[in-house]
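K.L.:
Submitted below is the structure of interest, expressed as structure tokens.
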Amino acid sequence: MRKYTDTKQKSYASRKKRGPVVSRHLVVKMKVKKGDTVMIVSGKDKGKTGEIVKVLPSVGRVVVDGVAMMKRHLRRTGRGQSGSIVERPAAINASNVMVLDPESKKPTRVGREKQDGKTVRVAKKSKTVLK
């Protein structure tokens with residue numbers, strides 16, 4: 001007897017096991033880096049600010065501290081301990097965040113310039129170099 005009777009079900013099950021398809025050729029250089037202070041420009045947390053904790057360039061997402069909080073249910077780890085619910089930030093799309101200008105504290109785009117033979121990131125609004 002066959003395990004899967006329908007070919008669609010089989011392909012869905014195998015896709016679910018392998019995970020999402022991510023092409024290595026579509027990975028672009030991220031405009032934001034870990035440690036940048038950013039503002040959320042769209043979504044349920046629009047207007048909030050926070051620092052980038054983690055950057056996931058392969059999927060084009062970032063994790064911002066204090067934004068898009070999700071609840072993680074943890075199982076108890078040993079005898080006598082109880083399970084718990086921990087809130088932690090979820091990854092959001094990198095296109096939904098903008099770097100805050102160090103001078104004006106307003107969202108700005110990021111550009112690149114050559115200074116002393118090195119490429120540096122520059123805030124477009126005030127032309128200040130980002131760390």
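K.L.:
Which condition does Asn96 not pass, out of (1) of a type in the set (S, T, N, Q); (2) over 23 Å from Val28 (Cα atoms); (3) touching a residue at least 40 places away in the same chain (Cβ under 8 Å), if it passes all the others?
P.N.:
Just one mismatch for Asn96, condition (2).
K.L.:
Right, another one. Please count how many residues of the range 40-54 are in a loop (DSSP other than H, G, I, E, B), over 13 Å from Ser95 (Cα atoms) and among the hydroxyl-bearing types (Ser, Thr, Tyr).
P.N.:
0
K.L.:
So how many residues does the range 75-94 have that are surrounded by 11 or more Cβ atoms within 10 Å (Cβ to Cβ) and more than 9 Å from the chain's Cα centre (by Cα)?
P.N.:
Adding up the residues that qualify gives 3.
K.L.:
Are any of the residues in the range 11-28 under 25 Å from Lys131 (Cβ atoms), surrounded by 11 or more Cβ atoms within 10 Å (Cβ to Cβ) and modelled with pLDDT under 95?
P.N.:
Taking every residue of the range 11-28 in turn, at least one turns out to be under 25 Å from Lys131 (Cβ atoms), surrounded by 11 or more Cβ atoms within 10 Å (Cβ to Cβ) and modelled with pLDDT under 95.
K.L.:
Same structure again: Please pick out the residue among Val41, Val59, Val99 that is closer than 30 Å to Lys125 by Cα, of a type in the set (Val, Ile, Thr) and modelled with pLDDT under 95.
P.N.:
Val59
K.L.:
Residue check, Tyr4 against (1) surrounded by 10 or more Cβ atoms within 10 Å (Cβ to Cβ); (2) assigned to a loop (DSSP other than H, G, I, E, B); (3) at pLDDT 90 or above, all met but one. Which one?
P.N.:
(3) is the only condition that Tyr4 fails.
The values are calculated or read from the model by the stated rules, or taken from the named source; none is laboratory data. Everything numeric here is computed off the predicted structure, so don't read it as measured data. With ideal geometry, Cβ positions are generated from the backbone for all residues, glycine too; neighbour counts draw on all protein chains shown.
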